[in-house]
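*Asks:* My structure is below; once you've seen it, I'll send some questions.
The values are calculated or read from the model by the stated rules, or taken from the named source; none is laboratory data. Every value quoted in this text rests on a predicted model; they were computed, and no experiment measured them. Backbone-built Cβ (ideal geometry, glycine too); neighbour counts: all protein chains shown. Accessible surface areas use protein heavy atoms only, side chains included; no ligands, DNA or RNA. Shrake-Rupley method; radii C 1.70, N 1.55, O 1.52, S 1.80 Å.
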Amino acid sequence: MPLQPSVQRWTWVALATALWFAPALSAQAGNFSAHLTAAPASYQGICPGTIKFSGEIRATQPGKVQFQYIRSDGAPSPVQTLLFGSAGSKPLSTTWTLGSPSLPRYTGWIAIQFVHPQTDRSKPANFNILCTIRPR
């Protein structure tokens, strides 16, 4: 059964409105980007070992961004806020200490999850740990 003309018209109006506003919404959501790197990316030694993550959040214009670190083991960090008075970047860093006799190998990652005003995620900073036994 074909749609009534009034239903077709409203469907078209809704679609046109969504397309009209879509570029403005996605442009606003893309004001921030982030990246992290792991050092060392591959740890072999006495455990526990500490991996240091460093990077930055970059803003294309002034504004406030909220984010958190998310990890491959599912543990999120508290939400943090950065204020940008102008376009530019701000440094970030965090650490993760892990590895033990019960966890001698681990491959994981940490990423930045934006919370506000956008909800995308950075590429993960990958790493692996291999615990060795201390020679006697």
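*Asks:* Under the condition of being under 16 Å from Ala38 (Cα atoms) and not in a strand (DSSP E or B), which residue from the range 104-132 is least open to solvent (accessible area, probe 1.4 Å)?
*Replies:* Applying the filter and picking the extreme gives Ser122.
*Asks:* Just for the range 19-73: of the residues that are modelled with pLDDT under 95 and of a type in the set (A, V, I, L, M), which one is farthest from Thr95 (Cα to Cα)?
*Replies:* By that ranking, first place goes to Leu19.
*Asks:* Confirm whether Gln66 is assigned to a strand (DSSP E or B) and either free of Cβ contacts under 8 Å to residues at least 60 places away in the same chain or of a type in the set (Ser, Thr, Tyr) (or both).
*Replies:* yes
*Asks:* On the basis of being open to solvent by 70 Å² or more (accessible area, probe 1.4 Å), touching a strand residue (DSSP E or B) at 6+ places or on another chain (Cβ under 7 Å) and assigned to a strand (DSSP E or B), does Thr50 make the cut?
*Replies:* No: the conditions fail for Thr50.
*Asks:* A further question follows. Could you please find all residues in the range 85-103 being open to solvent by 50 Å² or more (accessible area, probe 1.4 Å), out of contact with any Leu (no Cβ under 7 Å at 6 or more places or on another chain) and either at pLDDT 95 or above or assigned to a strand (DSSP E or B) (or both)? Before the answer, list the steps.
*Replies:* Step one: list which residues in the range 85-103 are open to solvent by 50 Å² or more (accessible area, probe 1.4 Å), which gives 85-87, 89-91, 93, 95, 97, 101-103.
Checking which are out of contact with any Leu (no Cβ under 7 Å at 6 or more places or on another chain) leaves us with 85-87, 89, 91, 93, 95, 97, 101-103.
Scanning the range 85-103 gives Gly85, Ser86, Ala87, Ser89, Pro91, Ser93, Thr95, Thr97, Leu103.
*Asks:* Would you call Pro135 open to solvent by 60 Å² or more (accessible area, probe 1.4 Å), at pLDDT 95 or above and of a type outside the set (Ser, Thr, Tyr)? If you could, list the steps in order and put the result at the bottom.
*Replies:* Working: open to solvent by 60 Å² or more (accessible area, probe 1.4 Å): yes; at pLDDT 95 or above: no; of a type outside the set (Ser, Thr, Tyr): yes.
The answer is no for Pro135.
*Asks:* Within the bounds of the range 95-117, is there any residue that is hydroxyl-bearing (Ser, Thr, Tyr) and within 15 Å of the chain's Cα centre (by Cα)?
*Replies:* no
*Asks:* Among all residue pairs at least 6 apart or on different chains, which show Cβ distances below 9 Å where the first residue, located in the range 31-53, is closer than 15 Å to Gly99 by Cα and hydrophobic (A, V, I, L, M, F, W, C) and the second is open to solvent by 30 Å² or more (accessible area, probe 1.4 Å) and assigned to a loop (DSSP other than H, G, I, E, B)?
*Replies:* Ile46/Thr132; Ile46/Ile133; Ile46/Arg134; Cys47/Pro101; Cys47/Pro104; Cys47/Thr132; Ile51/Pro40; Ile51/Ala41
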